[in-house]
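Working notes, structure below.
The values are calculated or read from the model by the stated rules, or taken from the named source; none is laboratory data. Computed from a predicted model, the values in this text were never measured in an experiment. Virtual Cβ from ideal backbone geometry, glycine too; neighbours counted across all protein chains shown.
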Amino acid sequence: MNITSFIEGWITAGNQYDTEQYLGYYLPDAILDDPSVGRKFTKHKGIKDYFESYFIGYQTQTEIAHITIHDSTHAHLEVVFTGEFPEGKIRGTFDFTFRENKIAFVKANLLHD
């Protein structure tokens, strides 16, 4: 799996608000942990709720700032979010664990300057 291409496709699906394509990047039992909102979102149902609430709901667009690939199953992504939320623009990170060429676990976080 080319992790950079995978992440670029995941970002594109998110920026197009394509829920089904976005969920296709995750294993069915994946976990998305976002301490910024104080919750873990489990399986496709939970991740769909997260995506619809925080990405579609706020018209969030995500721009890749930097990707660090640690090994074949782990990567760190730095991004810039823009959208209809109070800050208007904020930085964030995602720490991925991949399994079977999909996201098994991802920790998302907002960065406050």
Could we say that T4 is over 16 Å from R91 (Cα atoms), modelled with pLDDT of 95 or more and among the β-branched types (V, I, T) here? yes
For the range 82-113, enumerate the residues that are within 11 Å of the chain's Cα centre (by Cα) and aromatic (F, W, Y). F94, F96, F105
For the range 38-86, enumerate the residues that are among the hydroxyl-bearing types (S, T, Y) and buried (at least 16 other Cβ atoms within 10 Å of the Cβ). Y50, Y54, T60, T62
Taking the range 1-18 and keeping only residues that are within 13 Å of A75 (Cα to Cα) and of a type in the set (S, T, Y), one is left with T4, S5
Using the structure shown, decide if D33 is touching a Lys or Arg at 6+ places or on another chain (Cβ under 9 Å) and charged (D, E, K, R). yes
